[in-house]
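Structure first, then comments.
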Amino acid sequence: MSVLLSIVTQLLHMAAVVLAAPVLAGVVAVLTDRIAGRVPSTVTRSWRQIAHLFRKQTIRMPGASPVTRFAPLLSVAVAAWTVFLIPSFALGMVSAPLSDIVVIAALFAFGRVVLMLAAMDAGTGAAAVAATETASLAVAAKPALLLAVFALALLAGGSNLDAILAAKMEGLLPSSAATGLAIAALAIVGWVDRECPPADATFSGADLAVLRIAEQLRILAWCDLIGALALPFGMALADAGPVSWGIGLLAWIGRLLMAALVLAAVRASGASDRARTALTLALALGGIAAMLALTGGDPT
C-alpha cells in the first residue's frame, strides 16, 4: 500500500510542478512590474507567448550540428528531471532514493552546459557573448554551490534530499548557523543562475518554446529546493493520505508565493549587475558553512 501511495504522490508531484512552472513565471512577471511601477502584465502572458512560438516556423542555422538540434529537448528533459527529484508537498515519493543534492547540483550545471554548447555551435556573435558570460558566472557559482551542498550533507550525515528535509523538520540538524549559511549560499547561486544571459538567441519557433518551458521548470526547481530547505514545515509523508497531501500542497503554494515575491523584488531592484559580487558572498557563506559543519558547532 505504501508503495502505491508513493507512486500516486510522485504522479501528483509531477503534475503539480508542470502546472505550477508557468504560473510561477507569470506571477513573478506581474509582481516585478508592480514593484517597478510599470503597467503589470498578466499571469497567462508566458503561456500565450509559448503557444505563439509553437505556431511559428522553426529555423535552424545552416550546418548546425546535432548539439543545436537536440539542445532544446535535452534542456527541457534535464530541467524536468531536476524538478521531479525535488520534493514539493510530500516526502517519500518513488524518486526519494534518487533525490540526492549532489545529483541535483550536477543537473543544474549540466542544463547550463547544454545551452552554452548550443550557443557556441551557432557561431553568431550574440550567442557566443551570452555563452561566454554564462560560463564565466558558472565558474564562480559552482564552487559556492558545491560548498553549500557539502555542508548540508555533512550536517545531515548524507546527501539524500529527503533525509535532509526530514532531519530539518524534526530539528535534528546539529548546526543551525551552518544550515542557514548553506541555504543562503544556495539562494544566491540560484538567483545568479536565473540572471544568466539567455543563450537562446539562435533558436526560434518550437525550439525556442521548449527552451522557455525548460527555463520555467528550472526556476521552479530552484524555488522548490531553497524553499524546502528553508521552510520544510507542512510537508506531508507519501503514505499520510490525501488530507496531509492537501496541507502539504497549501504549504508548498505558500513557499512558492514567497519565492515569487523575493524574485520580483530582486529583479525590480536591478541587482543583476552585482551578480559577481553576490557570488563572492555565496562562496564565503558556503565556505563558512562547510567549516562549521566540519567542526560540528555554531559560532559562539
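The values are calculated or read from the model by the stated rules, or taken from the named source; none is laboratory data. Predicted model only: the values in this text are computed from it and were never measured. Note that we place each Cβ from the backbone using ideal geometry, even for glycine, and neighbour counts take in every protein chain shown.
Data overview
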| read-out | value |
| --- | --- |
| Residue in the range 166-187 that is under 28 Å from Val3 (Cα atoms) and either under 15 Å from the mean Cα position of the chain (by Cα) or crowded, with 22+ Cβ neighbours inside 10 Å (or both) present | yes |
| Search result, residues across the range 24-64 that are outside any helix (DSSP H, G or I), surrounded by 13 or more Cβ atoms within 10 Å (Cβ to Cβ) and free of Cβ contacts under 8 Å to residues at least 40 places away in the same chain | Pro40, Ser41, Val43 |
| Matching entry among Gly246, Gly234, Gly254, Gly227 (being modelled with pLDDT of 80 or more and not in a helix (DSSP H, G or I)) | Gly234 |
| Per-region count, the range 85-129, residues modelled with pLDDT under 85, among the small types (Gly, Ala, Ser) and in a loop (DSSP other than H, G, I, E, B) | 1 |
| Qualifying residue in the range 84-102 (condition: hydroxyl-bearing (Ser, Thr, Tyr), in contact with a strand residue (DSSP E or B) (Cβ under 8 Å, 6 or more places away or on another chain), surrounded by 14 or more Cβ atoms within 10 Å (Cβ to Cβ) and in contact (Cβ under 8 Å) with a residue 40 or more places away in the chain) | yes |
| The lone exception for Val67 - which of (1) part of a helix (DSSP H, G or I); (2) modelled with pLDDT under 80; (3) farther than 30 Å from Gly205 by Cβ it fails | (3) |
| Test for Leu217: is it crowded, with 18+ Cβ neighbours inside 10 Å, over 14 Å from Ala259 (Cβ atoms), at pLDDT 90 or above and of a type in the set (A, V, I, L, M) | yes |
